[in-house]
Every structure is written in C-alpha cells, then in structure tokens.
Amino acid sequence: MDLFDVMWFRLLAGALVGLALGSFTTMLSYRAPRNISIVSPPSHCPHCHTPLTKRDLVPVASWLIEHGKCRHCGEKLGLRYVVIELVTALATMAAFAALGFEPRLIVALIGIVCFIALAAINIERGRD
C-alpha cells in the first residue's frame, strides 16, 4: 500500500497545504483590489502596520490564540482571515481526496485560490 494513496494522508496533506494556501489567498484578496503588491511590503497589521512575525502568521491558530485581534495594537482583525483560510483548506482537502497526488492537482489548487480570492473580493466590495 502506497502512503500517497491512503485517504487519511491525502486529507492531512490537503489540510496543511490548504491552510498555507488559505493564508496566501487571504493576503491576495486583501491586497489585489487595493493595488498593493503581493511581494512587498511584508505582511502587517492593517491597523497599526506592524510587520507580522512567524508567530503571527500561523493560519487559523494565530487568529484563535490572539482572539481575532492584533497582538501589537489590540484592534479586531475580523472573521475574514480565518474564514478564507478554513474554506481554502476544506476545498484543498476535497481536491487532494478526489485527485490524489498528480499534476492536475496543481491546476485545481490554482483554481481554488483564484475562485476563493475573487469570491472574497466580491463579498467585501460588492459590485463596483
């Protein structure tokens, strides 16, 4: 039995990859409509602009540990961060379960990120 064919392994891998992609998707959906580069500046609090450390960037966990607030200024960060990360993780888990570890998975993951980022932008901004 190949480890890559075991469903629990696919789901675990999908969850971990999905959380990382969810963090990227959150950043993308925040920065793209504001014409902010996705490369620079580094991730920072949208309120106090303090650069985030590795501790602040752990998907879902850092938001839960800090009770949805910035560790530096205490301002609320909102549910959008954790919701986008979780939705991306769930969609990625589904893709890993359905497709396994094969090249078309990459195409599916790109589609997932794009779709969720566009949905988040549309929900936040509505029709402009």
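The values are calculated or read from the model by the stated rules, or taken from the named source; none is laboratory data. Predicted model, so just to flag it, every value in this text is computed and none were measured. All Cβ positions, glycine included, derive from the backbone under ideal geometry; neighbour counts span all protein chains shown.
Here Phe4 does not fit the description of being out of contact with any helix residue (DSSP H, G or I) (no Cβ under 6 Å at 6 or more places or on another chain) and modelled with pLDDT of 95 or more. Of all residues in the range 9-52, how many are within 11 Å of the chain's Cα centre (by Cα), over 21 Å from Leu79 (Cβ atoms) and in contact (Cβ under 8 Å) with a residue 24 or more places away in the chain? Of the residues in that region, 1 qualify.
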